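Student: Below is the structure I would like to discuss, written out as structure tokens.
No value in this document is a laboratory result; all are computed from the given coordinates. Remember, it's a predicted structure, so these values are computed and weren't measured experimentally. All Cβ positions, glycine included, derive from the backbone under ideal geometry; neighbour counts span all protein chains shown.
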Amino acid sequence: MADAVLRTKKLNKSFGALQASRDVSLDLRPGEIHALIGPNGAGKSTLIKQIAGNIAPDSGKVELLGRDVTALDTVARARMGLGRTFQISALAMEYTVLQNAVLGALGGQGRPYRLFRNVMKDPALLEPARDALERVGLSDDAGRRTADLSHGQRRQLEVAVALTLQPKLFLMDEPMAGLGSAGSKALTGFLDDLRQEAPILLVEHDMDAVFALADRISVLVYGQIIATGTAADIRANAEVRRAYLGEEDAA
Amino acid sequence: MTYILVLEQILNGLQFGVMLFLMAAGLTLVFGVMGLINLAHGSLYMVGAFAAAAVAGWTGSFLLALIASLAAAAAAGALMELVVIRRLYRRDHLDQVLATFALILIFSEGTRWLFGSFPLFLDVPPYLSGPVTLPGGIEYPLYRLAIILIGLAIAAGLFLLIARTRIGIQIRAGEADREMIAALGVDISKLYTLVFALGAALAGLAGALVGAIQSVQVGMGEPVLILAFVVIVIGGIGSIKGALAGALLVGMTDTLGGVFLPRLFTLFMEPASAASAGASLASMLIYILMAGVLLVRPSGLYGGSA
Amino acid sequence: MKTIRMLAMAAAVPALAAAAQADTKIGMITTLSGGGAGLGVDVRDGFMLAIEQDGRDGVEVVIEDDQRKPDAAVQIADRMIQSEKVDILTGIIWSNLAMAVVPAATAQGVFYLSPNAGPSALAGKRCHPNYFNVAWQNDNLHEAAGAYANEAGLKNSFILAPNYPAGKDALTGYKRMYGGELAGEIYTKLGQTDYAAEIAQIRASGADSVYFFLPGGMGISFLKQYAGSGVDLPVVGPAFSFDQGILQAVGDAALGVKNTSQWNKDIDNAANAGFVAAFQEKYGRLPSLYASQGFDTANLILSALDKAEPADQDAFRSALKAAEFASVRGDFKFGDNHHPVQDIYVREVIKEGDVYTNKIIATGLSDHADAYAGECKM
Amino acid sequence: MLTREYMLNWAMIAALLFVPLAAWTLDEPFIITLATKAAILALAGVGLNIALGQGGLISLGHAAFFGIGGYAMGILAAHAQNYEPLFGWPFLFEGSNQMPLIWLVAVAASASAALVIGALSLRTSGVYFIMITLAFGQMLYYFAISWSAYGGEDGLSIWVRNEFPGLNTLDPIQFFAIAYVILCLALFFAARLARSPFGLALAAARQNEDRVEAVGLTPFTLRLTAFVISGAITGLAGALFADLNRFVSPTMLSWHTSGEIMIFVILGGVGRLYGPVAGAALYILLEHLLGGISDYWQIFLGLLLLLIVLFARGGLIGALAGREKAHG
């Protein structure tokens, strides 16, 4: 699988006595949705942060598009084509929806050091921004203040901003959270199509969505990947049922 | 340069550091628990010194003067918290800076209005005046020795207070998580007033102790305030341990730098300009120290997050 | 139109709204708020005492607070010159403020009489016909101290001052007259309040005496800490750290210290006796050095006004230069650079009843002029 | 888009022009001087506001740039007046009393200082950033106090104001015109900057650092650029301020000056484009009016400031123009 878009090799990360990642190796192939699931505290956030470049692993490697990026920061990885949405919306709350999307387009374009041009009148930025909003269904809200959006709308905007970057892959941290069943369904349909554009590494708690969408699923427990496979494989995996689904049922 | 001189200077640095700690402790507590930048902390130092000078003038008792300084500064602190400060907890640092800057103006000019423009008199009591001879033949002022001991005792007391008492637990809880402490059923506004008054009392005591060997005058708090900020930033804001480490570091650096830098410069300059150039560098030294510490540890020596 | 203008003035300059037509306008810029306000208050009170005693019509004094900020002082001076059209400016306490205000003011044709600050530049290269110093050139008191040290047989002085121009001038002035060895020379941080480190160095230096220039609170701190240190070398200083206002805050620590001054309340002449009594009666406190300087400055102006109008610049200048007034210092005359040529005394701090004060014990320098007069081309 | 804030801004900038013009016809030069001071301090505030309001960088060390600008003026002018060459290599330079050249040097010097101070300080954030900028300011302050070649704490006095081609700068109204035009240019520049791609990214970094990184932009360089621009404008204001007083001293570098510039910004309203203009004008007016009331006027100043912080949130413009609307 030399053509994996993203690959982690034996990532290890400890915080004091707590080992948050234990020999984590996974990959993301073109055209797929690879879901990462696991109970709270399993180390999903830590893993995401190592992939995005917020924290450095103690050992192991992260490869993006075949290149070792372990030493690169988040900005460099974003520029290489890593489009990311956050678990807790990371948006400029004082801005309008459109401004947030334009910010994404500006990042994608990579030329922020222009001091005079009116950014909100630049067609090269406005067009991709409006397109992205259209695709996630936020066109009508383009002029609203982001802080005034509902929780679900903010998730949609996160996705739209990631779209403006025209990324080579998506890293989505619980995009369904707080969306409600209708919204969740709509986004599921959207992601279903999106995988053709770029593969998605999806961290998600909404099991319906995961099993509906994922080509492959990896299960993380206590910092370790205990199984990787198709939805059917995972459903059938006894260890997963014991370690993870069992707990879910009990809760 | 004899070893006695070096030892004496180390004691001086220690004494200065201990004094800074009394100022910095309140500042860092208030920041750690309430998230507040209080520029008016220096005014409380001044209030303590003026209260002590006034009471010493009336009664002639230094002990009463110290008690008065604690009481007056605590009262002024509590009043300040009740009337102004508690409206600022939810504001950003900018509003806090401006409001407490305004408090400096009010306190300074108010004090001048009450006590006049000339410095007040406050002296070391007879039983603490004069030098003592320490082991090793160092002659050292008894009063400064007393300051070191009082300061260290208070530092120990503070650590005990925070580690062992109910209030200490609440303070630590408040630093960690403000919502949680309310959930514990603690009357948070009372706790805040208490913490603020405690910090104020320490500042007031520092003002009184220092006032006896310095000049009790309007504006005396400001240079100390800046130093106290340097201390807590070096130590890591919110950390009492950091405040102590920072205070001693700043005290030593300032004292020893002032003594030894000019001497160092005489190695390659003529005496008069060496004295002047060395003194220039010495006056910038603690700021260089602070910038250096922050460059290596952006949240100070014992700081978690800003 | 006229009403509008009056309103505009009233709105902008309330302190001056009541300004009546006066023949001679004197602008006083001095420090009345914040740290150091005590000096400005004394200069003002001494000055106004003389104006009131004189009681003549046609002299108006406008007083403004400079907050000890150079830019504030410059702007007040601009206003007084441009809007108020003052004839004479005075009042500045600090050298740095004087350096900011005086050159521009005299260049605009106004007279400036300094009641306190005497930076060396204004006595030498930058001297100006319209600038008169009624107090001293900054080095004077230090030079007298150096001369006194020789006379007292001091051979190994330890000297210290803050690290800023006046501090360097002070030590330079002392060394100019002093003939002995230096056990040490230290520049401290401006505004420093703790002198433990310096005192330890003094103790270790083997000096036979200490000379210090630490104005304001710095001096109070130094003296208290020195007294508690057990070092008992004789201390000499300029009058600034032993003045009436400050002395009460130093207390016993200052007793017996020798200091140099061009004035003291026990100088024996009628003008001085009258001044001391009147000042005490009016303000309820003993006058300070600064008050005496303010008082002399006012009387000098009044004496010149007897002879000429400020508008007649040449005549008024000669009248000032003549200095025919009853100075509380006794004899007083100006040198060619318009700085005083005067006696400088050595005083000792004593206690009179409950009040700490000074008495003259010797004359440090007689008819002393400053060292920069030669550089003044006027 | 005729919002109240928009109209208020025009009213303010018009008032700042009208008052000195009126004073000029009424022959009240001092009011012109006050207006000039307000314009220059507002300019310093406009500079700080780029870092503070747009970038969210609470710098308590902007006096450093203000002072560097001031000393650039003082040193160039002093050498020009005394005919003492500033340096003889690589070419002979005798200083200058031409304002345009002085401004250029002031901007270059303060921008370089901001580059160094910013590059070091921006490694920290929050209160630590406030304090480290303060520390750098204090270093320069103490350095200037003991730098005897240029007057130390006595400062550096130049006897006449520097020259500007075609104008008589000693005439208060003409000097005011210079300051006013520069202020307007700076306001125009700041407004363009806020709406530019750079401004969008900078303000986004203030609101959410993660977001900016995730779209592939580096908050550090955005902030450093803002800090340098901010320092350069404040430095230019410093050069003008020194020329207004024909004097420069370490006071310009003290932390009080940093605090005052910050007060102008907060008084007017943080992040409001014209906030510093409103703030500086109000502060100078208060200082001037209260100064006549009593020796203890600073008590009233303090009380007023306190009331404004506590009860007029969003500063003067916030109180008059209402809550800030979403951008764009």
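Student: Could you work out, residue by residue across B:5-12, how many beta carbons of other chains sit within 10 Å of that residue's beta carbon, and then give the average as an integer? Kindly include the intermediate steps, with their values, before the conclusion.
Tutor: Working: counts 6, 2, 1, 7, 5, 0, 2, 7.
Average neighbour count from other chains, rounded to a whole number: 4.
Student: Among the lysines, select those whose C-alpha is under 22 Å from the C-alpha of C:Lys307, and discard any that sit fewer than 8 residues away in the same chain.
Tutor: C:Lys25, C:Lys85, C:Lys321, C:Lys333
Student: Note the per residue figure in Å³ for the convex hull of the C-alpha positions in the protein assembly as shown.
Tutor: Numbers: hull volume 241.4 nm³, N = 1263.
Spelled out: Cα convex hull of the protein assembly as shown, divided by residues, is 191 Å³.
Student: What is the mean number of Cβ atoms from other protein chains located within 10 Å of the Cβ atom of each residue in peptide D:219-227, rounded to a whole number? Intermediate values should be presented prior to the final figure.
Tutor: Working: counts 1, 2, 3, 2, 0, 0, 3, 0, 0.
The shielding value for this peptide is 1.
Student: Also: With just the Cα atoms defining each centre, how far is region D:210-255 from region A:210-236? Give it in Å.
Tutor: Cα centroid to Cα centroid, the span is 53 Å.
Student: Would you please put B:15-28, B:264-277 in order of how densely packed they are, using the mean number of other Cβ atoms within 10 angstrom per residue and starting with the highest?
Tutor: Result, highest mean Cβ count within 10 Å first: B:15-28, B:264-277.
Student: Right, something else. For region C:207-254, what value does the Rg/Rh ratio take when both radii are computed over Cα atoms and Rh is the Kirkwood radius, given to two decimals?
Tutor: Working: Rg = 10.0 Å, Rh = 10.8 Å.
Computed over Cα atoms, the ratio is 0.93.
Student: How long are the three semi-axes of the equivalent ellipsoid of region A:91-166, in whole Å, if each is the root of 5 times an eigenvalue of the C-alpha gyration tensor, listed from largest down? Kindly include the intermediate steps, with their values, before the conclusion.
Tutor: Values: eigenvalues 77, 32, 22 Å².
Calculated on Cα positions only, the semi-axes equal 20, 13, 10 Å.
Student: What translational D, rounded to a whole number of µm²/s, comes out for region B:1-41 from Stokes-Einstein when the hydrodynamic radius is the Kirkwood one over Cα pairs, at 20 °C and 1.002 mPa s? Walk me through the numbers on the way to the answer.
Tutor: Working: Rh = 12.0 Å.
Stokes-Einstein gives a translational diffusion coefficient of 179 µm²/s.
Student: So for the pair D:Ala149, C:Gln108, with labels modelled 7 Å out along Cα→Cβ, what separation do we get in nm?
Tutor: If labels sit at D:Ala149 and C:Gln108, their model points lie 3.3 nm apart.
Student: Which residue, A:Lys121, A:Lys61, A:Lys44, tops the fluctuation ranking in a GNM of chain A built on C-alpha contacts under 10 Å?
Tutor: Between A:Lys121, A:Lys61, A:Lys44, it is A:Lys121 that shows the largest mean-square fluctuation.
Student: Turning to a different aspect of this structure: Convex hull volume of the Cα atoms in region B:6-122, per residue, in Å³?
Tutor: Hull volume normalised by residue count: 134 Å³.
Student: Oh, and also: Against the globular-protein guess of 2.2 N^0.38 Å, express the Cα radius of gyration of region D:136-200 as a ratio, rounded to two decimals.
Tutor: It is 1.68.
Student: Restricting attention to the alpha-carbon atoms of region A:111-153, what are Rg (one decimal) and Dmax (integer), both in Å?
Tutor: Here Rg and the maximum Cα pair distance are 12.5, 35 Å.
Student: Right, another one. Where the centroid of each part is defined by its Cα atoms, how far is region D:12-91 from region B:8-69 in Å?
Tutor: Cα centroid of region D:12-91 versus Cα centroid of region B:8-69: 39 Å apart.
Student: With r as the distance between the Cβ atoms of A:Arg67 and A:Gln166 and R0 = 22 Å, compute the FRET efficiency 1/(1 + (r/R0)^6) and round to 0.05.
Tutor: On the way: r = 18 Å, r/R0 = 0.84.
According to the calculation, E is roughly 0.75.
Student: How large is the convex hull of the C-alpha atoms of region D:4-321 per residue, in Å³?
Tutor: Working: hull volume 47.9 nm³, N = 318.
For region D:4-321, the hull spanned by Cα atoms encloses 151 Å³ per residue.
Student: Among all the lysines, which ones have a C-alpha under 17 Å from C:Lys125's C-alpha, if same-chain residues fewer than 8 places away are not counted?
Tutor: C:Lys377
Student: Could you order peptides A:231-239, D:59-67, C:142-150 by the average number of other Cβ atoms within 10 Å of their residues, highest first?
Tutor: Details: A:231-239: 14.0, D:59-67: 31.0, C:142-150: 25.8.
Sorting A:231-239, D:59-67, C:142-150 by mean packing, highest first, produces D:59-67, C:142-150, A:231-239.
Student: Over all directions, the average projected area of the alpha-carbon convex hull for chain A comes to how many nm²? Before the final figure, lay out the partial values.
Tutor: Values: hull surface 56.6 nm².
Hull-based average projected area comes out at 14.2 nm².
Student: What Kirkwood hydrodynamic radius, in Å, does region B:75-182 give when the mean of 1/r is taken over all pairs of distinct Cα atoms and then inverted? Don't skip to the answer; put the middle values down first.
Tutor: On the way: mean 1/r = 0.0539 Å⁻¹.
Hydrodynamic radius (Kirkwood, Cα only) of region B:75-182 equals 18.6 Å.
Student: Using helices alone, I'd like the mean residue ellipticity at 222 nm for chain B: each DSSP H run of four-plus residues gives -39500 (n - 2.57), total over residue count, nearest 500.
Tutor: Values: 11 runs with 227 residues, N = 306.
That calculation yields -25500 deg cm²/dmol at 222 nm.
Student: Step through the table entries C:Lys224/C:Lys282; C:Lys168/C:Lys351; C:Lys189/C:Lys258, compare each Cα-Cα distance with 26 Å, and write down the pairs that go over it.
Tutor: Values: C:Lys224/C:Lys282 31 Å; C:Lys168/C:Lys351 32 Å; C:Lys189/C:Lys258 24 Å.
Correct reply: C:Lys224/C:Lys282; C:Lys168/C:Lys351.
Student: Just from the alpha-carbon atoms, what are the Rg and Dmax of chain B in angstroms?
Tutor: 19.8, 67
Student: Which three extents, in whole angstrom, do the alpha-carbon atoms of region B:179-248 cover along their principal axes, largest first?
Tutor: Over region B:179-248, Cα extents along the principal axes are 46, 24, 16 Å.
Student: To the nearest 0.05, how large is the calculated FRET efficiency for C:Lys359 and D:Val181 if R₀ is 51 Å and r is the Cβ-Cβ distance? Please list the in-between numbers first.
Tutor: Values: r = 63 Å, r/R0 = 1.23.
Computed FRET efficiency for C:Lys359 and D:Val181: 0.20.
Student: Next up: Cut-off 10 angstrom, C-alpha nodes, Gaussian network model of chain C. Which of C:Asp65, C:Asp354, C:Asp232 fluctuates the most?
Tutor: Answer for the Gaussian network model of chain C: C:Asp354.
Student: Moving to a separate point now. Can you pull the Kirkwood radius for chain C, inverse mean 1/r over Cα pairs, to one decimal in Å? Could you put the intermediate results ahead of the total?
Tutor: Working: mean 1/r = 0.0472 Å⁻¹.
Roughly 21.2 Å, rounded to one decimal.
Student: Let me ask you something else. Hey, got the average number of other protein chain Cβ atoms within 10 angstrom for residues in C:75-87?
Tutor: Working: counts 9, 2, 1, 9, 7, 1, 2, 8, 8, 1, 0, 0, 0.
Neighbouring Cβ atoms belonging to other protein chains average 4 per residue here.
Student: Another question about this same structure. Can you tell which of A:Gln156, A:Asn118, A:Ala132 lies farthest toward the positive end of the dipole of region A:91-166, using +1 and -1 charges on the Cβ of basic and acidic side chains (Lys, Arg; Asp, Glu)?
Tutor: Projecting each Cα onto the dipole axis, the largest value belongs to A:Asn118.
Student: Under 30 Å Cα to Cα from A:Lys121, which lysines show up? Leave out anything in the same chain fewer than 8 places away.
Tutor: A:Lys168, D:Lys325
Student: Separate question: So for each of C:24-33, C:292-301 I average, over its residues, the number of other beta carbons within 10 Å; can you give me the resulting order with the highest mean first? Before the final figure, lay out each step's value.
Tutor: Working: C:24-33: 25.6, C:292-301: 28.8.
Sorting C:24-33, C:292-301 by mean packing, highest first, produces C:292-301, C:24-33.
Student: Next question. Starting from the Kirkwood Rh over alpha-carbon pairs, what translational D in µm² s⁻¹ does region A:30-144 have by Stokes-Einstein at 25 °C and 0.890 mPa s?
Tutor: Values: Rh = 16.5 Å.
Approximately 149 µm²/s, per Stokes-Einstein.
Student: Here is a further query. What's the FRET efficiency of B:Ala163 with D:Ser112 using the Cβ-Cβ distance as r and R₀ = 51 Å, to the nearest 0.05?
Tutor: On the way: r = 49 Å, r/R0 = 0.95.
The computed FRET efficiency comes out at 0.55.
Student: Suppose we keep just the alpha-carbon trace of region C:267-362; what are its Rg and Dmax in angstrom?
Tutor: Just the Cα atoms of region C:267-362 yield Rg and Dmax of 15.6, 50 Å.
Student: Measuring from centroid to centroid over Cα atoms, what is the spacing of region B:228-306 and region C:323-378 in Å?
Tutor: Computed from Cα coordinates, the inter-centre distance equals 43 Å.
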